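Enquirer: My structure is below; once you've seen it, I'll send some questions.
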Amino acid sequence: METTYAHLEIEKKWQDFWEKNKTFRVMEDPSIPKDKRLYVLDMFPYPSSAGLHVGHPEGYTATDIYSRFKSMNGFHVLHPMGFDSFGLPAENYAIKTGTHPRISTEDNIGKFEVQIKKFGFCYDWDRQVSTHTPEYYKWTQWIFLKCWEKGLAYEAEVPINWCPSCLTGIANEEVVDGKCERCKTQVERRQLRQWCMKITAYADRLLKDLDKLDWSEALKLMQRNWIGRSEGANVTFKLAEGGGEIEVYTTRPDTLFGATYMVLAPEHPLVAKITTPDCRAEVDKYVNQARYKSDLERTDLAKVKTGVFTGAYAINPVNDVKIPVWISDYILISYGTGAIMAVPGHDERDFEFAKKFGLDIIQVVSKDGTFHELSEAYVENGVAVNSGQFDGLSTPDFKKKITDWLEKRGQGKKAINYKLRDWVFSRQRYWGEPIPIVHCDKCGHVAVPYDQLPLTLPEVESYKPTGTGESPLASITDWINTTCPKCGGKAKRETNTMPQWAGSCWYYLRYLDPKNGRELAARDKIDYWMPVNLYVGGAEHAVLHLLYARFWHKVLYDIGVVNTDEPFMRLVNQGMLLGEDNQKMSKSLGNVINPDDIIREHGADTMRIYEMFMGPLEASKPWSSRSIVGVRRLLERLVKISDKPATKEKPPEELVKLCHKTIKKVTNDTETLNFNTAIAQMMIYSNELAKEEQRYPELWEPLILLMTPYAPHLAEELWERAGKEPSVAKQKWPAYDDALTQDATVQFVFQVNGKVRDKLELPVGLSRDEVKEKAMASEKIQKWISGKEIRQVIVVPDKLINIVVKG
RNA sequence: GCGAGAGUGGUGAAAUUUGGCAGACACGCUAGACUUAGGAUCUAGUGCCGUAAGGCGUAAGGGUUCAAGUCCCUUCUCUCGCACCA
């Protein structure tokens with residue numbers, strides 16, 4: 001007999017049911033205790049014109065299964081979805097076609113919604129937010145103004161990464177291998193008026209609070225490395241002539257005696273002052289060249305060090321030795337003091353530079369206290385040599401002693417530096433939140449008053465970036481020209497817009513109270529749900545979104561808007577889904593899998609389970625359109641079991657035991673997000689049930705419940721066919737009896753010298769001697785031990801016996 | 001170069017938490033049954049060598065142990081992140 005599994009019909013039926021009955025709407029019920037509330041969050045998508053990718057539903061399915069599972073276990077679960085809808089692709093499309101970005105964006109949002117809903121996720125759609133709507137970005141602007149009031153947003157003329165293709169400045173975090181993360185064009189260096197966010201003020205807290213978070217160590221390490229805290233000392237060197245001084249930052253103050261020259265960044269303000277007349281021409285030329293080099297040209301491409309001598313000398317404070325001052329572009333003005341003392345004996349870069357320009361190399365650290373010919377820089381810790389009264393000290397001791405010594409003499413002090421730079425926050429583009437600041441000749445920067453927010457995006461005729469460092473907004477004179485909110489005089493609006501990251505920095509808060517017009521979210525709702533218990537998304541956001549969001553959250557915490565100093569307590573990165581050829585899915589390789597096709601052919605339930613069955617959530621794994629039929633067969637088998645006649649007979653004991661074992665394994669594995677092994681167990685169980693002629697309701701109903709988070713549509717259908725009231729999603733998760741998960745007998749393994757020689761089914765709980773007796777009685781074991789001396793017998797209860805013999 | 005993670009059948013993977021039968025589950029493949037037909041279903045088999053007994057086997061080599069995929073050391077390969085940050 002043929003059983004039909006009409007997935008299209010079933011899935012449509014139950015999606016309509018859920019929508020009509022608002023099955024997944026979540027309200028704040030104060031009678032539910034805090035530890036029974038759960039906030040499960042997905043990284044919301046950018047609604048691209050390409051539509052949903054198979055990678056999106058991987059994480060969404062994982063959180064959906066978890067949410068439904070926890071909900072059936074008595075938790076009150078908030079599980080929302082929205083759209084990160086400001087961004088360059090929509091604007092680029094507008095430039096090409098003239099379509100307003102709002103039109104194409106909202107069109108794409110509509111398409112995404114339809115696609116996402118086809119998966120049957122249990123989102124509370126009433127809470128949906130989109131970052132491009134004025135009701136939403138009003139509060140993005142509000143947070144910006146709060147940052148500005150606290151001095152955390154400031155305007156500066158700084159050299160930034162400029163993408164010549166996107167025609168906008170971008171953040172350090174958006175530069176990958178010297179290229180624009182978005183369009184892969186090599187970035188240039190430009191000096192431009194910018195708005196920046198003082199994320200560096202929070203560097204220490206962003207670093208320290210990582211310890212509180214249940215994130216993977218790998219991810220935390222990435223953030224730690226990006227923040228890049230280092231401890232050392234600032235040391236002052238007097239100039240040999242003219243009375244000035246140079247301050248350097250070093251992590252190795254213990255190598256001060258080995259400093260044989262100094263290097264300034266070409267942009268260092270002292271360069272112009274100290275350069276001697278006979279060196280001026282060379283120095284000016286070098287400074288000019290460096291100014292236009294991108295960071296990439298100054299680093300990766302310039303493997304060979306360059307530099308010029310300024311003609312000036314400085315005095316080493318520890319030994320009064322006169323050393324030359326050079327400039328070189330391997331010194332960055334943006335790190336430390338923009339100047340270094342060069343210790344070529346113990347720093348690879350300084351060594352290379354000294355070799356090239358014939359500068360002195362002095363050894364001041366030794367592995368064992370003796371001198372060696374230095375064929376390369378010795379950068380390890382060791383014992384001080386050649387360092388006057390400090391000789392013989394270990395590197396860590398020396399660091400402490402010399403820092404104190406310098407401090408006492410007013411020539412230096414302990415210092416801490418970070419690799420993290422302030423966040424370049426403005427974009428010279430149209431499709432983003434306008435920065436709510438007005439430039440007044442008299443009053444300077446003036447905030448747009450809070451009661452005038454949102455400052456909405458004006459309509460423009462051309463979306464094309466000017467490329468001059470001004471956004472398309474700059475050409476709309478009646479928008480630009482305004483009055484100063486403070487003095488009422490003539491003023492101009494800020495024309496830069498915010499980066500895409502701004503909206504995604506706080507969207508998880510807006511879900512809590514999406515329609516609130518008075519505050520970004522009511523405090524009691526924030527207290528009710530926050531912090532996020534589980535956040536799932538791709539690893540590509542490790543140092544972008546996740547660092548920015550943590551920063552803004554801390555700012556909001558400091559001004560009393562939120563209740564915790566971290567937003568996301570537990571974070572899981574789903575692995576990447578690769579194409580069938582094991583390569584990254586991409587249009588150019590033609591290996592892209594379209595979720596719509598899979599759903600049409602196999603069904604959403606099949607797709608959900610297949611994506612989870614492929615392997616561990618965090619691993620990257622290749623798609624296989626062959627293997628997916630295995631999951632489809634599981635669901636067909638369930639329909640087949642459902643069609644069997646129900647019986648009132650007592651079910652066989654073995655099946656009852658398997659049922660309890662299955663409940664136990666699926667419960668544990670779902671809790672720990674090991675969905676692949678949970679599914680395998682349900683396959684084992686359903687295979688057994690399918691072998692029976694009849695259907696035992698007490699064995700069948702638990703299976704439907706276990707399947708509910710995984711295959712929600714089919715589970716509803718089978719629940720109904722079993723004569724139950726919908727929705728199965730509102731049912732209680734099945735319980736298991738631990739006693740019934742224990743077997744009365746086990747396959748006992750008999751080993752001789754560590755090799756399996758026989759196996760026997762034995763009752764559990766046998767004593768050591770009983771086991772030994774059974775093993776000795778085995779013919780096969782006798783064959784291997786006869787005539788040999790027994791040296792040792794090891795028994796692992798209820799598992800194994802190993803007889804060690806000699807001869 | 002530095003840092004992190006990973007290498008298990010023809011394939012995706014289990015078992016690594018706690019050292020105790022390696023390969024659960026699934027795809028594929030082989031044979032058979034049913035069938036006008038099958039990309040359907042069912043049954044059996046499927047790590048490698050071997051008729052068998054047995055031997056070998058978790059990237060390679062070494063070590064600890066009665067016992068190692070699991071712990072330790074060396075090497076190789078792959079993936080990811082960072083990359084003159086003084």
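The values are calculated or read from the model by the stated rules, or taken from the named source; none is laboratory data. Predicted model, so just to flag it, every value in this text is computed and none were measured. Reconstructed Cβ throughout: ideal geometry from the backbone, glycine too, with neighbour counts over all protein chains shown.
Enquirer: Please work out which one of (1) under 33 Å from the mean Cα position of the chain (by Cα); (2) not in a loop (DSSP other than H, G, I, E, B) is the condition A:Ser624 fails and give its number.
Expert: (2)
Enquirer: Which of the residues belonging to region A:474-495 are touching a strand residue (DSSP E or B) at 6+ places or on another chain (Cβ under 6 Å), in a loop (DSSP other than H, G, I, E, B) and within 17 Å of A:Tyr430 (Cβ to Cβ)?
Expert: A:Glu494 - this is the single residue of region A:474-495 that is touching a strand residue (DSSP E or B) at 6+ places or on another chain (Cβ under 6 Å), in a loop (DSSP other than H, G, I, E, B) and within 17 Å of A:Tyr430 (Cβ to Cβ).
Enquirer: When you check A:Pro702 against the structure, is it in a loop (DSSP other than H, G, I, E, B), within 39 Å of the chain's Cα centre (by Cα), of a type outside the set (A, V, I, L, M, F, W, C) and within 22 Å of A:Thr606 (Cβ to Cβ), yes or no? Steps first, please.
Expert: On the way: in a loop (DSSP other than H, G, I, E, B): no; within 39 Å of the chain's Cα centre (by Cα): yes; of a type outside the set (A, V, I, L, M, F, W, C): yes; within 22 Å of A:Thr606 (Cβ to Cβ): yes.
When the stated conditions are applied, A:Pro702 does not pass them.
Enquirer: Has region A:603-612 got at least one residue that is at pLDDT 95 or above, of a type outside the set (Gly, Ala, Ser) and within 15 Å of the chain's Cα centre (by Cα)?
Expert: No - not one qualifying residue is present in region A:603-612.
Enquirer: Just to be sure, is A:Leu512 free of Cβ contacts under 8 Å to residues at least 60 places away in the same chain and either within 16 Å of RNA strand B (Cβ to nearest atom) or hydrophobic (A, V, I, L, M, F, W, C) (or both)? Even if it seems obvious, please write down each step before you answer.
Expert: Details: free of Cβ contacts under 8 Å to residues at least 60 places away in the same chain: no; either within 16 Å of RNA strand B (Cβ to nearest atom) or hydrophobic (A, V, I, L, M, F, W, C) (or both): yes.
Considered against the rule, which asks whether it is free of Cβ contacts under 8 Å to residues at least 60 places away in the same chain and either within 16 Å of RNA strand B (Cβ to nearest atom) or hydrophobic (A, V, I, L, M, F, W, C) (or both), A:Leu512 comes out as no.
Enquirer: Quick check on A:Gly120: is it away from RNA strand B (no atom under 16 Å from the Cβ) and in contact with a His (Cβ under 6 Å, 6 or more places away or on another chain)? Steps first, please.
Expert: Working: away from RNA strand B (no atom under 16 Å from the Cβ): yes; in contact with a His (Cβ under 6 Å, 6 or more places away or on another chain): yes.
Judged against the criteria, A:Gly120 is a match.
Enquirer: Could I ask something else about it? Just to be sure, is A:Lys22 on the phi > 0 side of the Ramachandran plot, out of contact with any Ser or Thr (no Cβ under 6 Å at 6 or more places or on another chain), in contact (Cβ under 8 Å) with a residue 24 or more places away in the chain and not small (Gly, Ala, Ser)?
Expert: Working: on the phi > 0 side of the Ramachandran plot: yes; out of contact with any Ser or Thr (no Cβ under 6 Å at 6 or more places or on another chain): yes; in contact (Cβ under 8 Å) with a residue 24 or more places away in the chain: yes; not small (Gly, Ala, Ser): yes.
So A:Lys22 passes the test.
Enquirer: May I pose another question? Is it the case, given these coordinates, that A:Met341 is closer than 27 Å to A:Lys408 by Cβ, more than 10 Å from RNA strand B (Cβ to nearest atom) and touching a Phe, Trp or Tyr at 6+ places or on another chain (Cβ under 8 Å)?
Expert: no
Enquirer: Here's something else I'd like to know. Return the pairs, sorted by first residue and then second, in which the second residue is part of a helix (DSSP H, G or I) and acidic (Asp, Glu), the first residue lies in region A:86-109 and is more than 21 Å from A:Glu181 (Cβ to Cβ), the beta carbons are less than 9 Å apart, and the residues are 6+ apart or on different chains.
Expert: A:Thr99/A:Asp107
Enquirer: Kindly list the number of the only condition in (1) part of a helix (DSSP H, G or I); (2) without any contact (Cβ under 8 Å) to a residue 60 or more places away in the chain that fails for A:Gly243.
Expert: Tallying (1) part of a helix (DSSP H, G or I); (2) without any contact (Cβ under 8 Å) to a residue 60 or more places away in the chain, A:Gly243 fails exactly one: (1).
Enquirer: Got a number for residues in region A:642-658 being part of a helix (DSSP H, G or I) and free of Cβ contacts under 8 Å to residues at least 60 places away in the same chain?
Expert: Within region A:642-658, the first condition is being part of a helix (DSSP H, G or I), and the residues that meet it are A:642-643, A:653-658.
If we keep only those that are free of Cβ contacts under 8 Å to residues at least 60 places away in the same chain too, we end up with A:653-655, A:658.
Number of matching residues: 4.
Enquirer: Looking at region A:732-754, which of its residues are touching a Gly at 6+ places or on another chain (Cβ under 9 Å) and crowded, with 16+ Cβ neighbours inside 10 Å?
Expert: Kept after step one, since they are touching a Gly at 6+ places or on another chain (Cβ under 9 Å), are these residues of region A:732-754: A:732-733.
Within region A:732-754, A:Trp733 is the sole residue that qualifies.
Enquirer: Any idea which residue in region A:203-226 is farthest from RNA strand B (Cβ to nearest atom), counting only those that are out of contact with any Leu (no Cβ under 8 Å at 6 or more places or on another chain) and of a type in the set (Asp, Glu)? So that I can check it myself, show each step before the final result.
Expert: Initially, region A:203-226 is screened for residues out of contact with any Leu (no Cβ under 8 Å at 6 or more places or on another chain), giving A:204-205, A:207-212, A:217-218, A:221-222, A:225.
Still in the running and of a type in the set (Asp, Glu): A:204, A:209, A:211, A:217.
Details: A:Asp204: 15, A:Asp209: 19, A:Asp211: 16, A:Glu217: 6 Å.
Across region A:203-226, the extreme among qualifying residues is A:Asp209.
Enquirer: Quick one: which residue in A:Val562, A:Val543 is of a type outside the set (S, T, N, Q), part of a loop (DSSP other than H, G, I, E, B) and near RNA strand B (Cβ under 9 Å from one of its atoms)?
Expert: Details: A:Val562 fails: near RNA strand B (Cβ under 9 Å from one of its atoms).
Step by step, each of A:Val562, A:Val543 is checked, and only A:Val543 is of a type outside the set (S, T, N, Q), part of a loop (DSSP other than H, G, I, E, B) and near RNA strand B (Cβ under 9 Å from one of its atoms).
Enquirer: Could you list, in sequence order, all residues of region A:374-404 that are touching a residue at least 40 places away in the same chain (Cβ under 8 Å) and not in a loop (DSSP other than H, G, I, E, B)? Let's see the steps before the verdict.
Expert: Let us first name the residues in region A:374-404 that are touching a residue at least 40 places away in the same chain (Cβ under 8 Å), namely A:384, A:386-388, A:390, A:393, A:395, A:398-399, A:402-403.
A:Ala384, A:Gly388, A:Phe390, A:Thr395, A:Phe398, A:Lys399, A:Ile402, A:Thr403, listed by residue number.
Enquirer: Assuming A:Phe390 fulfils every condition listed in (1) more than 16 Å from RNA strand B (Cβ to nearest atom); (2) over 43 Å from the mean Cα position of the chain (by Cα); (3) surrounded by 20 or more Cβ atoms within 10 Å (Cβ to Cβ) apart from one, which condition is it?
Expert: (3)
Yes/no matrix, rows are residues, columns are (1) outside any helix (DSSP H, G or I); (2) over 23 Å from the mean Cα position of the chain (by Cα); (3) at negative phi:
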| position | (1), (2), (3) |
| --- | --- |
| A:Tyr46 | yes, no, yes |
| A:Pro57 | no, no, yes |
| A:Thr63 | no, no, yes |
| A:Ser67 | no, no, yes |
| A:Ser71 | no, yes, yes |
| A:Lys96 | no, yes, yes |
| A:Thr99 | yes, yes, yes |
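Enquirer: Does any residue in region A:416-442 that is under 23 Å from A:Lys138 (Cβ atoms) and at pLDDT 90 or above come within less than 6 Å, Cβ to Cβ, of a residue that is surrounded by fewer than 18 Cβ atoms within 10 Å (Cβ to Cβ) and not β-branched (Val, Ile, Thr) six or more places away or on a different chain, and which pairs are these?
Expert: Final answer for the pair search is A:Ile437/A:His445; A:His439/A:Lys492.
Enquirer: How many of the residues making up region A:665-695 are in a helix (DSSP H, G or I) and among the basic types (Lys, Arg)? Walk me through it before giving the result.
Expert: Within region A:665-695, the first condition is being in a helix (DSSP H, G or I), and the residues that meet it are A:665-671, A:675-691.
If we keep only those that are among the basic types (Lys, Arg) as well, we get A:665, A:691.
Residues in region A:665-695 being in a helix (DSSP H, G or I) and among the basic types (Lys, Arg): 2 in total.
Enquirer: Please list, ordered by first then second residue, the pairs with beta carbon atoms under 8 Å, 6 or more apart or interchain, first in region A:329-340 and under 11 Å from A:Asn417 (Cβ atoms), second in a loop (DSSP other than H, G, I, E, B) and within 6 Å of RNA strand B (Cβ to nearest atom).
Expert: A:Tyr335/A:Lys419
Enquirer: If you go through region A:227-238 one residue at a time, do you hit one that is out of contact with any strand residue (DSSP E or B) (no Cβ under 7 Å at 6 or more places or on another chain) and within 16 Å of RNA strand B (Cβ to nearest atom)?
Expert: Our first condition is that a residue be out of contact with any strand residue (DSSP E or B) (no Cβ under 7 Å at 6 or more places or on another chain); within region A:227-238, this holds for A:227-228.
Going one step further and asking which of them are within 16 Å of RNA strand B (Cβ to nearest atom), we end up with A:227-228.
Checked against the condition, which is being out of contact with any strand residue (DSSP E or B) (no Cβ under 7 Å at 6 or more places or on another chain) and within 16 Å of RNA strand B (Cβ to nearest atom), region A:227-238 yields at least one hit.
Enquirer: Right, next: For the condition out of contact with any Pro (no Cβ under 7 Å at 6 or more places or on another chain), touching a residue at least 12 places away in the same chain (Cβ under 8 Å) and outside any strand (DSSP E or B), what is the one hit in A:Val555, A:Val536? Break it down stepwise before answering.
Expert: Working: A:Val536 fails: outside any strand (DSSP E or B).
Going through A:Val555, A:Val536 in turn, the sole match is A:Val555.
Enquirer: Can you name every residue in region A:400-433 that is more than 30 Å from A:Leu145 (Cβ to Cβ) and crowded, with 21+ Cβ neighbours inside 10 Å?
Expert: A:Ile402, A:Thr403, A:Leu406, A:Gly412
Enquirer: Which members of region A:726-757 meet the condition of being at pLDDT below 95, away from RNA strand B (no atom under 16 Å from the Cβ) and out of contact with any His (no Cβ under 6 Å at 6 or more places or on another chain)?
Expert: Passing the criteria: A:Pro726, A:Ser727, A:Ala739.
Enquirer: Which residues, taken from region A:1-41, are buried (at least 17 other Cβ atoms within 10 Å of the Cβ), among the aliphatic types (A, V, I, L, M) and not in a helix (DSSP H, G or I)?
Expert: Passing the criteria: A:Val26, A:Leu38, A:Val40, A:Leu41.
Enquirer: Inside region A:759-796, can you point out the residues that are within 13 Å of A:Gln747 (Cα to Cα) and in contact (Cβ under 8 Å) with a residue 24 or more places away in the chain?
Expert: The first filter runs over region A:759-796 and keeps only residues within 13 Å of A:Gln747 (Cα to Cα), leaving A:759-766, A:771, A:774-775, A:796.
Selection gives A:Val764, A:Gly765, A:Leu766, A:Val771, A:Lys774, A:Ala775.
Enquirer: What do you reckon, is A:Leu703 buried (at least 17 other Cβ atoms within 10 Å of the Cβ), under 24 Å from A:Glu653 (Cβ atoms) and in contact with a Cys (Cβ under 7 Å, 6 or more places away or on another chain)?
Expert: Values: buried (at least 17 other Cβ atoms within 10 Å of the Cβ): yes; under 24 Å from A:Glu653 (Cβ atoms): yes; in contact with a Cys (Cβ under 7 Å, 6 or more places away or on another chain): no.
The answer is no for A:Leu703.
Enquirer: So is A:Asn674 more than 8 Å from RNA strand B (Cβ to nearest atom), closer than 23 Å to A:Ser71 by Cβ and without any contact (Cβ under 8 Å) to a residue 60 or more places away in the chain or not?
Expert: Working: more than 8 Å from RNA strand B (Cβ to nearest atom): no; closer than 23 Å to A:Ser71 by Cβ: yes; without any contact (Cβ under 8 Å) to a residue 60 or more places away in the chain: yes.
When the stated conditions are applied, A:Asn674 does not pass them.
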